[in-house]
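K.L.:
Right, I'll just put the structure down here and ask away after.
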Amino acid sequence: MLFAIIVGGLIGYAFGKFLGFLVGAAIGAFLLNRIKSRLVGKLQNIQSGFIESVFAVMGALCKADGVVSEDEIQVAEAMFVRFRLNETQRATAKAAFSRGKAEGFDLDAELQHFLRISGGQPAFLQMFLQVQFSAVAADGVVHPAEREMLMRIARGLGLPESQIDQLEAMLRGAHSSQAGGQQRSTAQQTDDAYKVLGVSSSISDAELKKVYRKLMSENHPDKLAGRGLPESMREMAEERTQEITHAYDVIKEFRENSA
C-alpha cells in the first residue's frame, strides 16, 4: 500500500508540487483499497460458490442409485464437520444438497456454473471431483452407478476420465497405509503410484521429477487458498499433496531397488 501511495504522490508532485503530491497519494491509496476490496469480494464469491456447487452435486451423486440413504446423509453431514463449516455455511450446504437431490436438478448446468466461478483452474476442478469421490467412497466402495456419475462429472468439468482412476488409486493407497502397507504387493502399489501422478511407467526419472514438482506446485494448499479455495477445505488439499509425495516416493524406491 505504501508503494501505491508514494507512486501516486510522485505523479501528483510532477503536476502540482506539494499539493499535487498529497492529492496523488490520496488517489493512490483510494484506488489500491478499491482493488483490494474487489479481490476480496471475488475470493469470497469463489469460496461460497465452491461450497454451494460441491454440496449440490453431492446431493445428485448420492441419489445416483435412485435413493439417498441415511448413510449418505450422514456422510454429507460428516463433510460439514470435516470442512469446519460455520452455521451460515452449513445452512447453505444443506440447502444445496437438498437442491441437488431434488427431481429436475440440472447437473450439467451446475458444473458449467462452477467452471465459470472457478475460472476453470485445473487444481480447483480436481479438488471438486476429489470431494465428490470422497463422499461416495466413505464406505470404501464406489458402486457402478456412482462411478458412472463421477465419470459424467469429470467430463462436465473438462477433466479426463483417468482422474477417477487416479482417485481410486489414492483411495487404495490411503487404505494400504492405514493397514501398514502389508496387504498389497509392491507391483500393485507401484502401478497405483503411476496412476496417482498420471504418468506412464515408461517415463524417465527426469520427466517424473518434473511432473511431481508441477503437481506439488499446482496443488499447494497456500496457492489454492490464494485463488479462493475455502480454508475449511485446506485439510483435503494437504492430503492430496501427501498422496502425491507418497506416490513419488513409492516409484523412486521401486526404481532404486530394481536398478
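K.L.:
If each of THR245 and PHE105 carries a label point 7 Å out from its Cα toward its Cβ, how far apart are those two points in nm?
P.N.:
3.5
K.L.:
Using Cβ contacts closer than 10 Å as the measure, can you line up ARG116, ARG172 from fewest to most? Working shown, then result.
P.N.:
On the way: ARG116 9, ARG172 19.
Ascending Cβ contact count within 10 Å gives the list ARG116, ARG172.
K.L.:
For PHE55, PHE80, PHE50, what ranking results if the residue with the fewest other Cβ atoms within 10 Å of its Cβ goes first?
P.N.:
Details: PHE55 27, PHE80 17, PHE50 22.
By the 10 Å Cβ count, ascending: PHE80, PHE50, PHE55.
K.L.:
Tell me the label-point distance for the pair ALA145, SER162, using the 7 Å Cα-to-Cβ offset, in nm and rounded to one decimal.
P.N.:
3.1
K.L.:
Quote the charge dipole size of the stretch 44-159 about the Cα centre in Debye, to the nearest 20; the model charges only the Cβ of Lys and Arg (+1) and of Asp and Glu (-1).
P.N.:
On the way: 11 positive and 14 negative charges, 78 e Å.
I would put it at about 380 debye.
K.L.:
Between THR186 and GLU235, what is the label-to-label distance in nm when each label sits 7 Å out along the Cα-to-Cβ direction?
P.N.:
3.5
K.L.:
Also, quick follow-up: By per-residue mean of other Cβ atoms within 10 Å, what is the highest-first order of 213-221, 127-135?
P.N.:
Details: 213-221: 15.3, 127-135: 21.0.
Top of the packing list down: 127-135, 213-221.
All of the numbers you see were taken from the coordinates with simple rules; none came from a lab. Quick caveat: nothing in here was measured; it's all calculated off a predicted structure. For neighbour counting, all protein chains shown are included, and Cβ atoms are generated from backbone atoms with ideal geometry for every residue, glycine included.
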